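FYI, it's all coordinate maths here, none of it is from the lab. Note that the coordinates shown come from a computational prediction; the quantities given were computed from them, not determined experimentally. Here the Cβ positions follow ideal geometry from the backbone for every residue, glycine too, while neighbour counts run over all protein chains shown.
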Ligand code: GLP
């Protein structure tokens, strides 16, 4: 457990670790696979990471990223999508200032309403699975769900193919969710479609312009636990209670973050608002 005076200090330390990992892997000519999170908590990490990359001219050509999750039903360019969040907070800048390859950025896509929203492989698969489908018609709910499930499987497959994830960054929801793996999510489950709890929708409403979607696609606990190293970040008093539970309550799907205690290499990055230092 690492405790920092402020979220900014936490961000600096975490970004330093990420850069050092990239440099270490580079020496052995190995790629670095990063698992990335959204939410307010990692923003200071991304801010510092952008600065370090620019200042130290870090080579990102071998860096591959996988984001944890995305809402269902939002076009990727919707201002509330996690896709937009990641480009705003990190990727747009890195793509301008470094040699990060846009093909190495992976963010789940939760939007499949029309044929134009599908890749050519997805379209082909759709017509095989639904031979009576009328070309160019909007996707029925059944077809949309089918495509989204295929995407979840494909995402898991891509992580296995390009992974394992060297370092997974996580935030935590006030109900203990990680990614969007909500309470009750089985520990062995991989990337899946999930229904968001009312607690999560309420928590996320403050940064959301409009109604928070009811469903999401998320890496599973099974996916997350396959990462070589995990950093869970939490800052602010609002997270104190759930961090105590994550660290002390019995390991159980009712608090998804307790699953992290089964992982051999996990660090909790906390600030003093959560864990005051004793003088
Ligand atoms: C969302 C994300 C999580 C994130 C959580 C906490 O629910 N899906 O990955 O950890 O929010 O967000 P924040 O850091 O803003 O508290």
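Annotations for the structure displayed:
- Residues in the range 228-263 that are closer than 28 Å to residue 73 by Cα and either without any contact (Cβ under 8 Å) to a residue 24 or more places away in the chain or out of contact with any helix residue (DSSP H, G or I) (no Cβ under 8 Å at 6 or more places or on another chain) (or both): 254 alone.
- Any chance residue 118 is surrounded by 20 or more Cβ atoms within 10 Å (Cβ to Cβ) and within 16 Å of the ligand (Cβ to nearest atom): no
- Cβ pairs under 8 Å, 6+ apart, first in the range 163-188 and without any contact (Cβ under 8 Å) to a residue 60 or more places away in the chain, second more than 12 Å from the ligand (Cβ to nearest atom): 188/220; 188/221; 188/222
- From the options 179, 184, residue that is within 16 Å of the ligand (Cβ to nearest atom) and under 28 Å from residue 17 (Cβ atoms): 179
- Against the test of being more than 16 Å from the chain's Cα centre (by Cα) and either away from the ligand (no atom under 13 Å from the Cβ) or crowded, with 17+ Cβ neighbours inside 10 Å (or both), the options 202, 214 yield a single qualifying residue, 214.
- Candidates 6, 61, 92, filtered to the one that is surrounded by fewer than 16 Cβ atoms within 10 Å (Cβ to Cβ) and under 20 Å from residue 232 (Cβ atoms): 6
- For residue 58, the test of being within 16 Å of the chain's Cα centre (by Cα) and touching a residue at least 12 places away in the same chain (Cβ under 8 Å) is failed.
- Residue ID - surrounded by the fewest Cβ atoms within 10 Å (Cβ to Cβ), chosen from residues in the range 247-261 that are more than 12 Å from the ligand (Cβ to nearest atom) and assigned to a helix (DSSP H, G or I): 248
- Options 43, 76; residue that is surrounded by fewer than 21 Cβ atoms within 10 Å (Cβ to Cβ) and within 24 Å of residue 220 (Cβ to Cβ): 76
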